[in-house]
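Where a number appears in this text, it was derived from the coordinates with a stated rule and is not lab data. Model, not experiment: these values are computed from the prediction. Note that each Cβ is placed from the backbone with ideal geometry, even for glycine, and that neighbours are counted across all protein chains shown.
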Amino acid sequence: MAIFKDVPMVKEIFGDLWGKMIKDTEFGPKIKEGNISVLFIINDPNIVMYVDANGPIFDAEAEAKTALVTLKMDGDTVHKFWLRKVNVPKALALRQIRAKGPVGTILQLLPLLKPGQEIYPEYCKKYNLPMDV
Amino acid sequence: MSYFDLKTDLSAEDIALKDQVHKFARDVMRPVAKQFDGMKADEVVAPDSPLWPFLKKVYELGYHKALMPEYYGGLGLNPLQISLVFEELGWGSFGMSVGMTVLCFPFYCACLANQEHLIESYVKPFCECTDASIRGCWAITEPDHGSDYVATAEDYFRSPKMRGNTQIRLDGNEWVIDGQKSQWVSGGTIATHALLHAQIDPSLGFGGNGVFVIPLDSPGVTKGPALRKIGQRDLNQGEIFFDGVRVPKDSIIVEPDYYVPMMDIILAAANLCMANWAIGLARASFEEAFNYCKERVQGGRPLIEHHSIKQRLFTMFSRVETCRVVGRAAANLNFNISPPFVEYSLWAKTQNTQMAYENAHDAIQILGGYGLTEEYLTEKLFRDARATLIEDGNNEMLAAHGGHILAETYPRPPIDF
């Protein structure tokens, strides 16, 4: 069974998480400075999410955007990533995560996401998501 | 000599970058490369060698971190810019291009691993370094293992018969390394750090290997003499020996369970570099021949007015343009997707090094006896080009690997995102 029970749950969690990261951490200014935008294509549940310095948008609105980086993975991998339980090079090598966009930008995106990984456990508690994955 | 770029919409930044690197290749690399070419291998790395001021210049200009992400202090080049820069470096000297780029290899792969202790201990200091005191190498090939080290698709790759010359075992909180790497380790005798491939579980053959980022100042590390070879004498290469060398447990960046696909990712990146330096080498040979043909008179008229010479020069020009299209296309693909489509890197490396070699060969033929002498650059270009057919996997082995990938995946569907 998938960790995220449905699309509204993903939207609620990540709508809030991205918003906080952009507003309260170095992530916001950094992606604005680097003109970085990311499209997440997530399976199970199926959802498309686009993030840039203006915040996250979802579904058809997101699909219409052209992002610098596109990341494709399943919902369980998303959850594990934010819990810092994904070995990213391993996941890329085994095609559990697929990425499109300049490799250099992807490499610099990873450390920028750390503030989100620090606060993600709060969402796990709030939404009763397993942390021992 | 400048060239007309088929890509007519290069940005002002791209053009400035290209011009800056060309100037460095012409005014700094070529004179130093010529000096190194005439020196003994141990003289090249001696304390009073021009190598050290050259490397310091490389670090001051930031060329050692051309592949590193901007976030950590790297140049943050996009795939096209990497291609532009590498072509110019390859034009300056293929061997020195390898030497300048391998400096970053352990640190680039440490970025891929994305582990904080590696970033703090290795990546940031490397990117901040301006005195060339932090230098990486790629410690992969071994006395008993050359191109079979990258033949991940062959049935023998995972056979216990593939016994590595470099063994590593976990002892408490440390890895213990014993064995040696071959004399073809680029940067081997001058490196302070290594991207080390070593065998953890010999029962799995090379499928039991891992990749590590290690310092080379640990007790038990010794270096062999610098290698003298037919070409690329301006590229330091030499053995590294390990005798009970202990490194922290967290030095590992690739474990056996994903070593094989990661080996392909590393190979794809390395082959892209080779392919793009080869553009510069092919162009250098063409230009040497072209300039000579305008000056050299045979049969009462300049060589360039001879019909057969025009044909040959056009063939050389065509190879340069083809190399550039191939190198850029492969870079644009595989520096833009993860994991990469390895066969396109293999395609670019094998084709571009072959075309660069043919251009170097033709340049000598056009220059005749003069082309064989040290008075002209052509003989060095030819020797350098010969080495590229073997470097980073000999072309036959790489082609076989590419053929295996085709057998498994052709035709690839379009990228589905």
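Would you kindly calculate the translational diffusion coefficient of the protein assembly as shown, applying Stokes-Einstein with the Kirkwood radius from alpha carbon pairs, for 20 °C and a viscosity of 1.002 mPa s, and quote it in µm² s⁻¹ without decimals?
On the way: Rh = 24.7 Å.
The calculation lands on 87 µm²/s.
Which ³J(HN,Hα) values, rounded to whole Hz and listed in residue order, are derived for region B:157-174 from phi using the Karplus coefficients 6.51, -1.76 and 1.60 in 6.51 cos²θ - 1.76 cosθ + 1.60 with θ = phi - 60°, glycine and proline given as x?
Karplus values, whole Hz, x for Gly and Pro: 4, 9, 8, x, 5, 7, 8, x, 7, 10, 9, 9, 9, 8, 10, x, 9, 9.
Dipole of region B:346-417, Cα-centred, from +1 at each Lys and Arg C-beta and -1 at each Asp and Glu C-beta, to the nearest 20 debye? List each step's numbers first, then the result.
Numbers: 5 positive and 11 negative charges, 24 e Å.
Here region B:346-417 has a charge dipole of around 120 debye.
Could you work out the mean count of beta carbons from other protein chains within 10 Å of each residue's beta carbon in A:82-95? Each step should come with its number before you reach the end.
Values: counts 0, 0, 0, 0, 1, 8, 5, 16, 9, 3, 8, 14, 5, 3.
Rounded to a whole number, the mean comes out at 5.
Answer with one residue from B:Gln298, B:Leu216, A:Ala93: the one whose Cα lies farthest towards the positive end of the charge dipole of the protein assembly as shown, charges on Cβ with Lys, Arg +1 and Asp, Glu -1.
Farthest towards the positive end: B:Gln298.
Testing the spin-label approximation: label points 7 Å from Cα along Cα→Cβ at B:Glu396 and B:Ala16. State their distance in nm.
4.9 nm
To the nearest 20 Debye, how big is the dipole of region A:1-45 about its Cα centre, given +1 on the beta carbon of each Lys and Arg and -1 on that of each Asp and Glu?
On the way: 6 positive and 7 negative charges, 19 e Å.
That gives a dipole near 100 debye.
For chain B, which semi-axes, largest first and in whole Å, follow from the square roots of 5 times the eigenvalues of its Cα gyration tensor? Present the calculation step by step, with values, prior to reporting the outcome.
On the way: eigenvalues 254, 112, 88 Å².
Each semi-axis is the square root of five times an eigenvalue, giving 36, 24, 21 Å.
Could you work out how far the C-alpha centroid of region B:368-416 sits from that of region A:77-133, in angstrom?
When both Cα centres are located, 38 Å separates them.
So how many Å³ per residue does the convex hull of the Cα atoms of region B:12-128 work out to? Let's see the in-between values first.
On the way: hull volume 12.2 nm³, N = 117.
In region B:12-128, the Cα hull volume divided by residue count equals 104 Å³.
Under 5 Å between amide H atoms, partner at least 5 residues away or on a different chain: which partners does A:Ile47 have, H built in plane at 1.01 Å?
Sorted by chain and number, the residues that satisfy this are A:Ile42.
Show me A:55-62, A:72-79, A:3-10 ranked by packing, highest mean number of other Cβ atoms within 10 Å first. Write down the numbers at each step before the final one.
Values: A:55-62: 14.9, A:72-79: 20.6, A:3-10: 16.5.
The packing order, highest mean first, is A:72-79, A:3-10, A:55-62.
What percentages, rounded to whole numbers, describe P(r) for chain A computed over all alpha carbon pairs with 10 Å bin width beginning at zero?
Going out from 0 Å in 10 Å bins, chain A shows 12, 47, 37, 4 percent.
Which one of B:Ile140, B:Leu313, B:Pro106 is farthest out on the positive end of the charge dipole of chain B, using unit charges on Cβ (Lys, Arg +1; Asp, Glu -1) and the Cα centre as origin?
After comparing all options, I get B:Leu313.
Charges at C-beta only: +1 for Lys and Arg, -1 for Asp and Glu. How large is the resulting dipole of chain B about its Cα centre, in Debye rounded to 20? List each step's numbers first, then the result.
Values: 37 positive and 52 negative charges, 207 e Å.
Around 1000 debye, computed over chain B.
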